[in-house]
Amino acid sequence: MRFFDCNAFFGLPARRPLAPVATAEALLAEMDHAGVDRALVWHIAQHDVAAQTGNRLLTESIAAFDRLYGCWTVLPNHASELPAPAVLFEQMYKTRTVALRAFPDDHRFLLGEVSMGDLLSAMVLRRVPLFVSLIRGITWRGIYDVLEAFPELTCVVCDHGCWGEDRMFRPLLERYPHVYIDTAQYLLDGGIEALVSDYGANRLLFGSGFPESYFGGMMMALKHADIPLEAKQAVAYGNLERLIERAWGDIVKEVVV
Amino acid sequence: MIGRSPLAREFWKHGRVAACPIYDMHGHMGHFHSIYFPRADAASMVRTMDEAGVRLLVFSHHAALNSPDLANEPSIAAVKEFPDRLRAYCMINPNYPEQVARDLAAFSNLFPQVYVGFKFLSDYHQVALTDPRYAPAWEMANERALPVLAHTWGGSAYDGEAVVREVAERYPQVRFLLGHACHGAWHAAVALARDFPNIYLELTAVFDDRGVIEIFVEEVGSERILFGTDLPWFDPHHAIGVLMNADISDADRHNICHRNAEKLLAPILPDLIA
């Protein structure tokens with residue numbers, strides 16, 4: 001099986017964790033140990049310091065490594081803190097940055113039409129995925145609100161928790177065709193099988209939550225889930241590749257591993 | 001491949017390894033109010049156990065945790081249905097001393113065919129482990145050197161590290177399994193395990209915190225660490241994957257998966273462990 005991780009970061013958090021992974025090189029070494037082929041990554045400074053600082057660190061850090069794809073942090077743009085959407089997308093393409101993240105509660109803005117209508121509308125048109133994490137800067141209410149306003153938004157809900165959040169994300173999967181969830185902390189026994197049975201294999205993406213979680217946990221759970229091999233491969237690799245291709249064309253396949 | 005060791009390769013390939021059976025020392029069963037479970041009945045759980053090579057699950061039914069009306073009856077029924085694969089902890093809810101008295105009176109008749117020890121859930125019942133209402137169960141466990149699995153959480157006034165230390169001093173013969181290993185207070189858990197030879201660190205909900213297992217193995221030793229998943233909450237394959245990916249040896253993995261539990265349970269279940 002091949003694995004394309006949609007949810008990993010590197011860099012040193014302000015509050016020191018047990019096992020930080022400081023650099024892209026260290027992240028790649030851990031990926032090699034675990035057998036992860038590629039990863040969509042972000043730098044913790046995008047959350048802990050500032051979008052501008054973290055985005056720059058991310059881009060500089062991954063430039064030399066074709067197996068890593070970037071995921072920048074976005075903000076409302078009324079103070080011109082980041083480029084306008086068209087320029088932003090152009091910069092993204094040039095730097096192998098293929099998705100965006102938002103931490104609205106922690107970065108003190110509202111993720112919706114009034115604050116970010118221009119960017120979110122452009123993301124819908126371009127099909128650029130928005131990643132949100134329930135352990136950093138957004139709640140289920142915030143996710144429900146942005147999807148109500150932008151029902152065609154491609155949105156990947158990460159880190160939804162080990163306490164079982166099916167009652168939260170299944171309604172979103174049913175109503176919004178471009179909502180996906182990742183596997184990080186989806187530890188629920190039989191959860192992968194039930195979700196694939198009810199919604200197909202295309203709505204779940206392999207995400208590790210590394211470095212706060214181990215790569216190996218959800219890799220093993222997926223490898224031995226009682227679902228067809230094609231479904232496993234879709235979750236492990238194909239679904240994220242497809243999302244990226246929808247927005248950016250052959251940017252993934254241009255890279256030879 | 002999630003690791004390069006022979007054991008990691010075997011688990012990755014087959015999902016289970018006969019030479020490394022799993023003893024899951026922290027399970028539950030049945031519906032629970034705040035979560036959807038796809039596999040919560042006994043038969044479905046045994047199916048999961050088969051898929052991951054879990055030899056034995058020691059559990060307490062969710063009804064036993066939170067329904068004094070049903071108490072331990074659902075646990076007892078499940079063990080009788082799968083006597084080769086399940087054993088139960090006798091759940092003690094100290095908010096109902098009269099039920100505790102009935103549970104203790106019934107314990108001897110059901111040990112070890114059904115029960116192997118006790119389960120305390122102090123945070124949820126909001127009664128500290130040191131509360132006198134727990135004393136009859138602690139005393140029975142201490143007298144008979146039985147396992148007690150207590151939910152423990154860092155900083156809790158009911159079952160945090162300070163409370164654990166107090167009862168560990170009071171009941172030195174109890175085989176004291178710290179469920180969730182004083183979650184979050186990792187170094188306090190290490191100190192407790194170093195100070196008290198009867199304390200074991202149980203790993204439910206620890207597997208998703210990268211780095212903890214390595215600290216426990218290095219600072220306590222893998223001989224005092226037990227595998228647990230809260231099944232039907234957490235997929236045992238996730239826990240196995242973490243163990244195989246973690247920076248520990250295959251000997252440590254064998255200890256955590258089965259050897260420690262076998263030593264703990266052998267005096268209680270000699271036929272089953274053999």
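The values are calculated or read from the model by the stated rules, or taken from the named source; none is laboratory data. Being a predicted model, the structure only gives us computed values, none of them experimental. Quick reminder, even Gly has a Cβ in these numbers, built from the backbone with ideal geometry, and neighbours come from all protein chains shown.
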Sort out which residues of region B:50-61 are buried (at least 23 other Cβ atoms within 10 Å of the Cβ) and either within 14 Å of chain A (Cβ to nearest Cβ) or within 15 Å of B:L264 (Cα to Cα) (or both), and write them in order of number.
B:A52, B:V54, B:L56, B:L57, B:V58, B:F59
Before we move on, is A:E30 free of Cβ contacts under 8 Å to residues at least 60 places away in the same chain, out of contact with any Lys or Arg (no Cβ under 8 Å at 6 or more places or on another chain) and under 21 Å from A:S213 (Cβ atoms)?
no
Residue by residue through region A:53-78, note down the ones that are among the hydrophobic types (A, V, I, L, M, F, W, C) and either at pLDDT below 95 or surrounded by 15 or more Cβ atoms within 10 Å (Cβ to Cβ) (or both).
A:L57, A:L58, A:I62, A:F65, A:L68, A:C71, A:W72, A:V74, A:L75
Hits in region A:218-243 (condition: more than 17 Å from A:D37 (Cα to Cα), within 14 Å of another protein chain (Cβ to nearest Cβ) and not aliphatic (A, V, I, L, M))
A:H224, A:D226
Residue set A:G209, A:G190; condition under 20 Å from A:W42 (Cα atoms) and within 12 Å of chain B (Cβ to nearest Cβ); output residue A:G209
Of all the residues that make up region B:12-53, how many are closer than 22 Å to A:C162 by Cα, outside any helix (DSSP H, G or I) and of a type outside the set (F, W, Y)?
17
Would you be able to say whether some residue in region B:149-169 is more than 25 Å from B:V116 (Cβ to Cβ), of a type outside the set (S, T, Y) and assigned to a helix (DSSP H, G or I)?
yes
Mind listing whichever residues of region B:175-214 are of a type in the set (S, T, N, Q) and crowded, with 21+ Cβ neighbours inside 10 Å?
B:T204
Which one of the conditions (1) within 14 Å of chain A (Cβ to nearest Cβ); (2) part of a helix (DSSP H, G or I); (3) crowded, with 23+ Cβ neighbours inside 10 Å; (4) of a type in the set (A, V, I, L, M) does B:V217 fail to meet, given that it meets all the rest?
(3)
Just checking, does region B:58-67 include any residue being among the β-branched types (V, I, T) and more than 17 Å from B:I273 (Cα to Cα)?
no
In region A:55-95, what residues are β-branched (V, I, T), within 13 Å of A:F9 (Cβ to Cβ) and assigned to a helix (DSSP H, G or I)?
A:I62
Among the residues in region B:252-274, are any over 25 Å from A:D226 (Cβ atoms) and within 14 Å of chain A (Cβ to nearest Cβ)?
no
Considering residues that are farther than 20 Å from B:G241 by Cα and more than 14 Å from chain B (Cβ to nearest Cβ), the number found within region A:23-43 is 7
Under the condition of being part of a loop (DSSP other than H, G, I, E, B) and within 11 Å of chain A (Cβ to nearest Cβ), which residue from region B:220-247 is surrounded by the fewest Cβ atoms within 10 Å (Cβ to Cβ)?
B:D247
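Rundown of residues vs (1) at pLDDT 95 or above; (2) within 28 Å of B:D271 (Cβ to Cβ), yes/no style:
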{"site": "B:N66", "(1), (2)": "no, no"}
{"site": "B:R85", "(1), (2)": "yes, yes"}
{"site": "B:C90", "(1), (2)": "yes, yes"}
{"site": "B:P94", "(1), (2)": "yes, no"}
{"site": "B:E98", "(1), (2)": "yes, no"}
{"site": "B:F107", "(1), (2)": "yes, yes"}
{"site": "B:F111", "(1), (2)": "yes, yes"}
{"site": "B:V114", "(1), (2)": "yes, yes"}
{"site": "B:T130", "(1), (2)": "yes, no"}
Any idea how many residues of region A:1-52 are part of a strand (DSSP E or B) and either surrounded by fewer than 18 Cβ atoms within 10 Å (Cβ to Cβ) or of a type outside the set (D, E, K, R) (or both)?
11
Can you pull out every residue in region B:112-129 that is buried (at least 18 other Cβ atoms within 10 Å of the Cβ) and either β-branched (V, I, T) or in a loop (DSSP other than H, G, I, E, B) (or both)?
B:V114, B:V116, B:L121, B:V127, B:A128, B:L129
Can you confirm whether A:L110 is touching a residue at least 40 places away in the same chain (Cβ under 8 Å), surrounded by 14 or more Cβ atoms within 10 Å (Cβ to Cβ) and not acidic (D, E)?
no
